[in-house]
Amino acid sequence: TSSELSEKFSLSTRTIQGYLKKLREEHGLIKEKKYYYFSDEYRHIEIDERVQMSTALMISLYKNAFPSIQDSVLQNFKQIPKESDAFLFDIDFQLIKNETYFNQITHAIIHEKAIHFKYKNTKNKTSIKNVYPLKNTNVLGYWYLMAYDLDKDKVKTFYFNNIEDLIVSKDESYLSFKQIDKLSKKSTQMHSPWFNNDKKSVKLTISGDAILYMQRKKSKAFTILEDEKSSLLVSMEYYSDVEVLSFVQKWLPHVDIVDNDILKRKLHTRLKEYLLK
């Protein structure tokens, strides 16, 4: 009924009736007494459910990636069904550390603008990057910027949390339309140098609840070296320190780094930053 639609969409009855009149005149909406409906040929319940589910998934992702916009999401999507409660995201799904940068980069991609920033690579060396951004990407739970490096003349990926002092060029993309079109096609697949470095390994001791996780997960990254009743000694293969630090943080206090003092110091630095915040 018009009153039910008015309540569902938080619109006045008069506004709803205006929409209903247009739907009757142009799209075959049928009125019977006080009820409105479409004939069976207009009904695609399965498609509608998929749309609801995919929208709910999108909103759940946004709420997890951007904690500061949760209230805004809920206000603007009042009609979203409870399907959004069906999703739970692991702590490994990385939050957007700097939402302003994320939004600026997205704006630059849409409007075809070059960007400049300071970047700290996997070896902790900082350099200035001048790039044409192509995609914000999420690989294995981590956020990256895929971009064409204007100085190196090739497509590269940059770990998002290592970007600093970002500036979006006001007028220039520094590329021709032909180059942009070619890069857009190339940017549909991501080959991250972050995960193409030499593979390394670190020993970890696992105890408590983390043992159950290890037994259930059976990841190729882990090899059990010693199996005691109360603890495991495992070897973890990794490409980036981020992988190890995120795993250890997730399972504190049930995981310890055994044989890598550099990683231990990085972990301590991370935890101090969290405590200060």
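The values are calculated or read from the model by the stated rules, or taken from the named source; none is laboratory data. What you are looking at is a predicted structure, and each value in this text was computed from that prediction instead of being measured. As a convention, Cβ positions derive from the backbone with ideal geometry for all residues, glycine included, and neighbour counts pool all protein chains shown. Heads up: the accessible areas ignore ligands, DNA and RNA and are worked out on the full protein's heavy atoms, side chains in. Shrake-Rupley method; radii C 1.70, N 1.55, O 1.52, S 1.80 Å.
Structure summary
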item: Mean accessible surface per residue for the range 112-185, computed with a 1.4 Å probe while every protein chain stays in place, in Å²; result: 56 Å²
item: Extension gain from residue 127 to residue 199, taking 0.36 nm per residue of separation minus the Cα-Cα distance; result: 23.5 nm
item: Extended-chain gain in nm, criterion 0.36 nm per residue less alpha-carbon gap, residue 6 and residue 136; result: 43.0 nm
item: Magnitude of the charge dipole, the range 110-171, Cβ model with Lys/Arg +1 and Asp/Glu -1, debye to 20; result: 240 debye
item: With DNA, RNA and ligands ignored, accessible area of residue 165 (1.4 Å probe; Å², nearest 10); result: 80 Å²
item: Gained length - residue 23 relative to residue 111, 0.36 nm times residue gap less alpha-carbon distance; result: 28.1 nm
item: Pairs from 120/203; 118/170; 118/182; 120/266; 135/264; 199/264 whose Cα-Cα separation, in the structure shown, is over 21 Å; result: 120/203; 118/182; 135/264
item: Per-pair calculated FRET efficiency, R0 = 30 Å: residue 209 and residue 71 via Cβ, rounded to 0.05; result: 0.40
item: Nearest-10 value in Å² for the accessible area of residue 275, using the 1.4 Å probe; result: 150 Å²
item: Accessible surface of residue 237 - all protein chains present, 1.4 Å probe, nearest 10 Å²; result: 80 Å²
